[in-house]
1. Pull out the extension gain between Lys635 and Asp361, defined as 0.36 nm times the separation in residues minus the alpha carbon to alpha carbon distance; nm, one decimal.
2. Between Thr165 and Ala109, how many nm apart are label points set 7 Å from Cα along the C-beta direction?
3. FRET efficiency for Gln284 and Glu134, Cβ-Cβ distance as r, R0 = 60 Å, nearest 0.05?
4. Could you derive backbone 3J(HN,Hα) for segment 304-320 from the dihedral phi with the Karplus parameters 6.51, -1.76 and 1.60 (θ = phi - 60°), listing whole Hz in sequence and x where the residue is Gly or Pro?
5. Relative contact order, percent, of segment 240-535 when contacts are C-alpha pairs under 8 Å separated by at least 6 residues?
6. Rg (Å, one decimal) plus Dmax (Å, integer) for the alpha carbons of segment 240-535?
7. Provide the gained length on full extension for the span Gln466 to Phe480, in nm with one decimal, where the gain is 0.36 nm per separating residue minus the Cα-Cα distance.
8. Between Arg353 and Val415, what is the spin-label point distance in nm, taking each point 7 Å from the Cα along the Cα→C-beta axis?
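Read-outs throughout are calculated quantities, based only on the coordinates presented, and are distinct from any laboratory measurement. Everything numeric here is computed off the predicted structure, so don't read it as measured data. We place every Cβ from the backbone using ideal geometry, glycine too, and count neighbours over all the protein chains shown.
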Amino acid sequence: MAKKPFKKSRNNDGVKRGSALMRGCRYTVSHWRGLLPVLCIGAAMAFSGIAQGFAWAYGPWAWAWIGALSLVLFVWADGWIGELDLSARPPAIGFLLFTAFSVVWLILAGAMIEAYMLVIFGGLGLGTWWWHGEAYQQHRTAQRARRRMESVLCKLGLSEQTRITSVNVGKKGRADAIEWRLYLGDNDRVSHLSAEDIAHLLKVDIARVVVRKVEKGSTRSVKIVQLAASPEKAVDPVHPAVRPENRAEGSEWAPGTRSVVEGLPVGTVLGSAAPSLVKVYSDQKDVKHFMVLGRSGSGKTSSTSGVLLSAIACRDLVIGVCDIPKAGNLAVPFAPALHRVTTTIDQLEADLRGMLALGQDRIRRMNEGKVVGPGGKPLRKWKPSPAAPAVLYLIDELGNTMRDLETDDAERAEVIWNLLVSNAQSLRQAGIILMPISQDAKRESINTTFRKAMSNYMVHQVATPQCVNGIWGGYDLDLFEAGLPKPGMCYVGDTDGAAPTKSIGYDMDQVIEEGEEFDAAVDTYAEARPYLPAPCVRVLGWGDTLHGAQDQQEAHDITIKQAETLNGLNLLADAVDDTAETIPAGIGIIRGTEEPETGDDERLQAVLEALANTQDGLSRADVERVLGVSTATTKRLLGVLQNTEKIVREGKGRATRYRINTAALTAA
């Protein structure tokens, strides 16, 4: 027989049934402590009115009976007060004396309106003391704590036979220490009450929740204790990179400080202040592809935005985002710090082919011993650095994108899937990371071979077991509404084999909507973003510039142009390669950062040849990056060319470009 789910004690249907008088009585009984001043005023008026009517009907001898009844009621109330807790006795004595005084006062004053007004104002004044006092506040806190635990028991799926027998709270109603005592039903066990799950649902540090039996050997009575909070463990729902003080020089999130190898914070471990990390590098420095899953409304977009903000803060990571169904919506807030935004199938195919070629080129160069570590030893795995960054490529709504493509062009969809599988299976050694995002991992949505090539996952709430397609089958995880009831809750896998961590993502939606602090963070990190070297750009087709905050049409035109044509940087690199044999050895055009003392003529010629072959001009940073010389040397070379009127400078700030002075060449 299936157990009936736990029900909260408040029954709204019961309140709605019956007459208005009955509903009022039920409300009064439920809230009598809050209405106590009003009840005392009403009792005094009612008793004095009845006493006067009784005396009018039976004469002066009725006052003796009234006095005797009053004395009995007073003694009974005094005895009841003596059984109360010490904190509740002072207000109880106050209300008793107030009621007795009001009865005498109203009997002596008769029908004087002033007497009734005095009683009303006196009762409300006493009520103010009561409503702000320790006893009433403690009661209110206990009631709130009871309702919170009822909600927790509902979400944990306990039966309706389980009930809360008592709730004890801290002094003066403070919720820094709360104890619930439960009596378990026949179908429930202590093992159903996990301290971790309760902490998650109460939104407190897991170390603050204790679950144990009340007595040794007891199987029914359970105690749940929420300990006092530690101020230093307060959880901030905002991504730390958004806080300006965290980006200050020398801080943990200062531009150019973080590395992708350290992991990408996506939120906090539920019930703890510890950050939850999306680890795309294992402890052995192996790249791990990462897949994000979750039904619509589960908070996966907000979590992915947290990953993106952590990613743009890395000094050694080039980032591309593909978002075809939403025309780049995921990338828009981060556009000034991204290297690539893809919004069409053609661009996606070009990116996949480019990354596959880049991976093969990197692996070939490592095999030939051309990629060395700090000690000069050849590398077998790509080590990310600002000069040779890793590549992170996110694909939003992959399942929906591919389903739509299969409907429109099944052969093209097969080509894209083959490219995705090839990328997933062969790019990790080359420092290229895929992060697909989908509502599910069903066979109908995600190619099974591609899904199996994913090394790790971040799973939000899903609709059915088929949506995860066997992911984390060895763990007892509730990936549905009961286990992940709130948007942003998710399980984040551990790259090194530990159990997935139940987490809550940073609240990125609100931060992005508010705009000011978030935009400042993106702009700050945009100035420190790394770029791919020219040989990698020639293979991949992008990674040498930032996408920027263009409108949708401009962004589309730029990405198409980058995918189909060589840019000025490629031409400059070709020019340097053509003149490399005539440049004296040791000047560091490609190799090293040592300040050169000779070779200026060759470098000047290389710049002129590159500028002559590009219509868009080149920025100072472009020249500096490809030549491999210092900023001071680059400025000096450009200054020489300007002084001889061979080149001209156009624009200001980031828009500055250097071009060939065609007028001077024509005159010559």
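1. 95.4 nm
2. 4.9 nm
3. Step by step, r from the Cβ atoms, then E = 0.55.
4. The phi angles translate into 5, 5, x, 5, 5, 5, 5, 5, 6, 7, 7, 7, 9, 9, 9, 10, x Hz.
5. 28 percent
6. Here Rg and the maximum Cα pair distance are 18.4, 54 Å.
7. Full extension from Gln466 to Phe480 adds 3.9 nm.
8. Modelled inter-label distance: 0.7 nm.
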